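Notes to accompany the following structure.
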Amino acid sequence: MEMDGLLTYGVFFLTQAGIYAVLALGLNVQYGLTGQINIGIAGFFAVGAYTSAIVTTHPSTAHLGGFNLPFPVGVVAAMATSALVAAAIGRITMRLRSDYLAIATIGIAEIIRLALKNEDWLTNGVRGIPGIPRPFSETLGANPLISLGVVLGFVAFAFWMVERARSAPWGRVLRAIRENEDGVSAAGKDVAHFRLQAFVFGASLMGMAGALYAHFIGFISPEAFLPLYGTFLVWVMLIAGGAGNNWGALVGALAIWVLWSATQFMTDALGAEYATQAGALRVLLIGVLLQVILIARPQGLLPERGARKH
Amino acid sequence: MVTELLQLAIYGVVLGSILTLGAIGVSLIYGILRFAHFAHGDLMALGAYFSLSLVAGLGFPVWASAPFAIVGAALAAIAIDQTVYRHLRKSPPIILLISSFGIAIALRSVIQLVWGPRNQVYASGIQIPWRFEGLVIKPDHVWIVLGAVVLVAALHLFLTRTKMGKAMRAMSDNMDLALVSGIPSERVIMVTWAVGGGLAAVAGIFLGMDTRLHPVMGWSVLLPVFAAAILGGIGRPYGAIAGGMVIGLAMEMSTVVIDPTYKPAVAFALMVIMLVVRPQGLFKGNA
Amino acid sequence: MTLLSIEGLTGGYGGADILHGVDLRVEPGEIVVIIGPNGAGKSTLMKAAFGLVKIKEGAVLFEKRDITPLRPDQIVRQGISYVPQERNVFPSMSVEENLEMGAFIRTDDIRPQMERIYSFFPRLAERRTQIAGSMSGGERQMLAMGRALMLDPKLLLLDEPTAGLSPLFIDQTFERIQKINAAGIGILMVEQNAKQALAVCDRGYVLTMGRNRIDDTGANLLANKDVAEMFLGG
Ligand SMILES: Nc1ncnc2c1ncn2[C@@H]1O[C@H](COP(=O)(O)OP(=O)(O)O)[C@@H](O)[C@H]1O
Ligand SMILES: [Mg+2]
């Protein structure tokens, strides 16, 4: 019984850590490789989650669809929709400086959040979308271990893609842009175009993470993600792990997720009447941790290989 | 129809006054420290809550609590700068931006811890509005606009008549030359935080008067505040006045044609259009 | 007592060293000129004297005091003013405000000094309220010098004060520099107009690739064949 509970928790824990790892990898493409700041991670994540939910659930009058399509179609659709949203906004913002882009992504996430809440025909508004099937549950059953396996498979897939992209000539151009944009455009490369590709690629991974989340939890609503905290956690994960290093993104995701979960145990000990304060305290701790990392070890646990020192 | 538009224009000017006070701070900080301060909205919220403590706890009228909130928020801003941002002065601006994002989240948590997560208001009960020609004006609206006008005028005098104010403009104009002229940059930076934080506190109080207090109020208003700063040309505090008014009016007037929920989208759209068409802002920016 | 003495200065901007053991001195009342090809490190040497460059070895002494570790705002207080080569005014501020900023560290009445500067540069007096960014290059250069003189320094560093000016303005500038010097202010300047600069200076230094190449009196340098070949148009 004890053992069982522990095992269940472990599976649950690792699945969520895996989803965060995909987000951290996506952010690593945007920030780590290219130097773009995306404060709207939760927006792309939500677009992915809703897309896959609409694509895979049973037909409903409450929202668009569902189209009752298989899980893999949902994931692909999630990635495509997130990528589309990123491309639409990126076409306009890719020529901007990184701090302007950061502000723009806040706007994107906010608009997505408002739309999810208010466009009932599309998302069923605040009531959310229930009954999202577990991955391959029709053939393999609803064992959480299956979900974990699927998520870890996607982590491996995402890692492989991002790592290949990083070591390819494409990744080298991105890093060159990050270090010396003028030099790259002087060499005749279309900087905005490369940036856009990286932004879209990263966003599609965030969409993928959203789909995994939807299928893992089974129910999504606008309030289900605590959007800003999600975005923030992913940032702390990447900075702690080492921006620019894909192993760093994985290690950071796991380490911060361990820390985040551990603080939950600590604050749970305070008792239910302090639940909201406890939540705030946890966020505060992570916020302080970020500052400590930025000041004391800005390169993170696993620094980017061959990176310039500041 | 005309009355409705006028009414919305009044709301727009009120919102514009609030945004202006926030955007001036963002612009000053950008001009001198060269980074987009993402914790500015939450600094506003902190000021609003400082005020709430005096109003709800000690029975102060809101206006009397304001000076304390201004000092409190100014000190908080200086403390954050000294403990965190100061150690990142030599880091790229992007790192400071991320750091300030973390500070924003941390400030919001502090607000939740200290004041709780629920909606709160300064005064319960409804104010009796003035009505004429079908227009409704609440006394609070008048105070907000008047307060903003007075503060902007005071800031103008500070920036153009005092040595420290001129030094702030000098640093924003040409940092290297300011250094070799002997202007003590750390002292100017401290004053900048004090001014930015103080204005943020008033903006937060006004926002709380106009709507309600909530831990997320600061983050929610960050986008329009930045839109105002960018519209005015970030780094140009005077531009922020025009930027704030344009954004405030546009957000309120847009409700004639679109769902009021999407007001932030209007700010966003204006900002993006401005960034694409005229990245230097309505007036020439510092960026 | 030697006004400024730079001894074996090595350093740069964090990457490779730009200066490799440069020596230089300015005696009270002297005009000293630094000439050298583009990229030789002349501006870097000026900045190094002002605490704006990472110094690895060597020292900068002002009136025998070691000022190497001081910040720019502390160096200003010793009595050195510096006019950078570029971006040497506050463009959105008025002429008057620019001068005021030059005197930021003074706590006494700055009006008399400001009036002295206005009488020295009458052009500035006519434009007290004009925004610096809207003035001509020559006027901006005057303003930059005026700003630096607000502290009534003992030593004035000028980095290419005649760059981009018309011949008439160049002559005027050299005359003004001599006048400033006549008031007892030591001058260390970098110049591209080597012929004129060497003609007005007491001593000159030729700097190439971050090293001292030749140093001598102005007259001797003017007569020097190598110098003539390199900088005086044959
Ligand atoms: N801010 C800087 N950062 C890095 N390198 C610089 C900087 N300024 C100048 N340099 C380099 O230092 C060298 C000397 O420059 P400088 O002192 O300006 O030469 P000069 O004034 O003699 O023309 C050049 O190679 C230049 O590229
Ligand atoms: Mg030079």
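The values are calculated or read from the model by the stated rules, or taken from the named source; none is laboratory data. Only a predicted model underlies this, so the values are computations on that prediction, with no experimental measurement involved. No Cβ is skipped: glycine too gets one built from the backbone with ideal geometry, and neighbour counts run over all protein chains shown. These area figures cover heavy atoms from the full protein model, side chains too; ligands, DNA and RNA do not enter into them. Shrake-Rupley method; radii C 1.70, N 1.55, O 1.52, S 1.80 Å.
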Checklist entry - How many residues does the stretch C:17-76 contain that are within 14 Å of chain B (Cβ to nearest Cβ), away from ligand 1 (no atom under 14 Å from the Cβ) and more than 15 Å from the chain's Cα centre (by Cα)? => result 5
Next on the checklist: Can you say whether A:Leu64 is farther than 26 Å from A:Ala255 by Cβ and in a loop (DSSP other than H, G, I, E, B), as far as the supplied structure shows?
Outcome noted: yes
Checklist entry - Looking only at the stretch C:185-199, which residues are away from ligand 2 (no atom under 16 Å from the Cβ), at pLDDT below 95 and either among the acidic types (Asp, Glu) or touching a strand residue (DSSP E or B) at 6+ places or on another chain (Cβ under 6 Å) (or both)? => result C:Leu198
Item to check | For C:Pro28: the one exception among (1) part of a loop (DSSP other than H, G, I, E, B); (2) within 13 Å of ligand 2 (Cβ to nearest atom); (3) of a type outside the set (A, V, I, L, M) | outcome: (2)
Checklist entry - Within the bounds of the stretch B:42-51, is there any residue that is more than 9 Å from chain A (Cβ to nearest Cβ) and at positive phi? => result no
Checklist entry - Looking at the stretch C:43-51, is at least one residue open to solvent by 10 Å² or more (accessible area, probe 1.4 Å) and away from ligand 2 (no atom under 16 Å from the Cβ)? => result yes
Next on the checklist: When the residues of the stretch B:254-287 are narrowed to those that are closer than 23 Å to A:Ala109 by Cα and away from chain A (no Cβ under 13 Å), which ends up surrounded by the fewest Cβ atoms within 10 Å (Cβ to Cβ)?
Outcome noted: B:Val257
Checklist entry - Can you name the condition, by its number, that A:Asn246 falls short on among (1) polar (S, T, N, Q); (2) surrounded by 20 or more Cβ atoms within 10 Å (Cβ to Cβ); (3) within 14 Å of another protein chain (Cβ to nearest Cβ)? => result (3)
Next on the checklist: I'd like to know if the stretch C:59-79 contains one or more residues that are within 16 Å of ligand 2 (Cβ to nearest atom) and of a type in the set (Gly, Ala, Ser).
Outcome noted: no
Checklist entry - What tally of residues in the stretch C:150-184 results from selecting those that are more than 16 Å from ligand 2 (Cβ to nearest atom) and either surrounded by 15 or more Cβ atoms within 10 Å (Cβ to Cβ) or closer than 16 Å to C:Glu27 by Cα (or both)? => result 20
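A quick yes/no check of all residues on (1) charged (D, E, K, R); (2) over 17 Å from B:Leu107 (Cα atoms):
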| site | (1), (2) |
| --- | --- |
| A:Leu233 | no, no |
| A:Ala243 | no, yes |
| A:Val251 | no, yes |
| A:Ala255 | no, yes |
| A:Ser261 | no, yes |
| A:Glu273 | yes, yes |
| A:Ala278 | no, no |
| A:Leu284 | no, no |
| A:Leu290 | no, no |
Next on the checklist: Six or more apart or on different chains, Cβ atoms under 8 Å: show the pairs whose first residue is in the stretch C:81-110 and facing chain B (nearest Cβ under 7 Å) and assigned to a helix (DSSP H, G or I) and whose second is open to solvent by less than 10 Å² (accessible area, probe 1.4 Å) and among the aromatic types (Phe, Trp, Tyr).
Outcome noted: C:Glu97/C:Phe90; C:Met101/C:Phe90
Next on the checklist: So for the stretch A:62-78 (the condition being within 17 Å of the chain's Cα centre (by Cα) and open to solvent by 40 Å² or more (accessible area, probe 1.4 Å)), does at least one residue qualify?
Outcome noted: yes
Next on the checklist: Condition check: within 14 Å of chain B (Cβ to nearest Cβ), under 18 Å from the mean Cα position of the chain (by Cα), open to solvent by 40 Å² or more (accessible area, probe 1.4 Å) and touching a residue at least 40 places away in the same chain (Cβ under 8 Å). Does A:Arg95 satisfy that?
Outcome noted: no
Checklist entry - Is it the case that some residue within the stretch B:197-218 is touching a residue at least 12 places away in the same chain (Cβ under 8 Å), open to solvent by 20 Å² or more (accessible area, probe 1.4 Å), touching a helix residue (DSSP H, G or I) at 6+ places or on another chain (Cβ under 9 Å) and within 14 Å of chain C (Cβ to nearest Cβ)? => result no
Checklist outcome for this item: Exactly one of B:Met175, B:Met190, B:Met171 is modelled with pLDDT of 95 or more and surrounded by fewer than 24 Cβ atoms within 10 Å (Cβ to Cβ), and that residue is B:Met190
Checklist entry - Do we find that C:Val83 is of a type in the set (Val, Ile, Thr) and either touching a Phe, Trp or Tyr at 6+ places or on another chain (Cβ under 8 Å) or away from ligand 2 (no atom under 16 Å from the Cβ) (or both) in this structure? => result no
Checklist outcome for this item: Scanning the stretch C:203-231 residue by residue, those at positive phi and buried (at least 18 other Cβ atoms within 10 Å of the Cβ) turn out to be C:Gly210
